[in-house]
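Undergrad: The structure's right below; bear with me while I get my questions together.
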Amino acid sequence: MSSLHTINTQQTEAMQHCSTCCTSKDAILFFADGVVHTLIQKEMAALKQKGIALYALSDDLIARGLPTDSSHVQAIDYDRWVDLTESYKNSVNWS
């Protein structure tokens, strides 16, 4: 069963729990303060290696002065977020 996991917090516990639950059919979307996790390249690379699609809301990256061009995480807009929500069977928020 595929799920879109969303993370909107900097708390490492939320990221740890999400990482444990994700499978190769899932995706993670970072938004709000959750976008800071995209800076942890080793963790993003490990998730990517598991086959998990990684996205971050570009407006939130820009608002926090974070790069929008990552080799592991695709920056997206709100319209793409809606598309992702429609394409996954479940949505799980980690906050």
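Undergrad: Expressed as a whole percentage, what fraction of the accessible surface of region 1-48 belongs to carbon and sulfur atoms when a 1.4 Å probe is rolled over the protein heavy atoms?
TA: Numbers: 1230 of 2230 Å².
Using a 1.4 Å probe with all protein chains present, region 1-48 comes out at 55 percent carbon and sulfur.
Undergrad: Charges only on Cβ, +1 for Lys and Arg, -1 for Asp and Glu: so what's the dipole of the chain about the Cα centre, in debye to the nearest 20?
TA: Numbers: 7 positive and 11 negative charges, 80 e Å.
Approximately 380 debye in magnitude.
Undergrad: While we're here: Please report the spacing between the Cα centers of region 1-27 and region 39-93 in Å, no decimals.
TA: Answer, in whole Å: 11.
Undergrad: At q = 0.10, 0.21, 0.25 Å⁻¹, what log₁₀ I(q)/I(0) does the chain have when each alpha carbon counts as one equal point scatterer in the Debye sum?
TA: Summing over Cα pairs of the chain leads to -0.21, -1.02, -1.50.
Undergrad: For the pair Lys25 and Ala46, what calculated FRET efficiency results from E = 1/(1 + (r/R0)^6), where r is the Cβ-Cβ distance and R0 = 25 Å, to the nearest 0.05?
TA: Details: r = 17 Å, r/R0 = 0.68.
Efficiency, rounded to the nearest 0.05: 0.90.
Undergrad: Another question, if that's okay. Using +1 at the Cβ of each Lys and Arg and -1 at the Cβ of each Asp and Glu in the chain, identify which of His5, Ala32, Gln16 lies farthest towards the dipole's positive end.
TA: Gln16
Undergrad: Just from its helices, what would the mean residue ellipticity at 222 nm be for the chain, if runs of 4 or more DSSP H residues each count -39500 (n - 2.57) and the sum is divided by every residue, rounded to the nearest 500 deg cm²/dmol? Don't skip to the end; give the middle numbers.
TA: Working: 4 runs with 35 residues, N = 95.
About -10500 deg cm²/dmol.
Undergrad: Could you report the chain's accessible area per residue, 1.4 Å probe, as an integer in Å²? Numbers along the way, then the final one.
TA: Values: 5200 Å² over 95 residues.
It amounts to 55 Å² per residue over the chain.
Undergrad: Right, something else. For a quick check: with amide H placed at 1.01 Å from N, whose amide H comes under 5 Å from His5's, ignoring anything fewer than 5 positions away on the same chain?
TA: Ala27, Ile28, Leu29, Val92
Undergrad: Out of residues 5 or more away from Ile76 or on other chains, whose amide H comes under 5 Å of its own, with H placed 1.01 Å from N in the peptide plane?
TA: Answer set, sorted by chain and number: Ala56, Leu57, Ser58.
Undergrad: What is the gain in length, in nm to one decimal, between Gln16 and Gln74 on full extension, counting 0.36 nm per residue of separation less the C-alpha to C-alpha distance? Walk me through the intermediate numbers first.
TA: Working: separation 58, 0.36 × 58 = 20.88 nm, distance 2.02 nm.
The span from Gln16 to Gln74 would gain 18.9 nm if fully extended.
The values are calculated or read from the model by the stated rules, or taken from the named source; none is laboratory data. What you are looking at is a predicted structure, and each value in this text was computed from that prediction instead of being measured. Neighbour counts are summed over all protein chains in view; Cβ atoms, including those assigned to glycine, are modelled from backbone coordinates with ideal geometry. Accessible surface areas use protein heavy atoms only, side chains included; no ligands, DNA or RNA. Shrake-Rupley method; radii C 1.70, N 1.55, O 1.52, S 1.80 Å.
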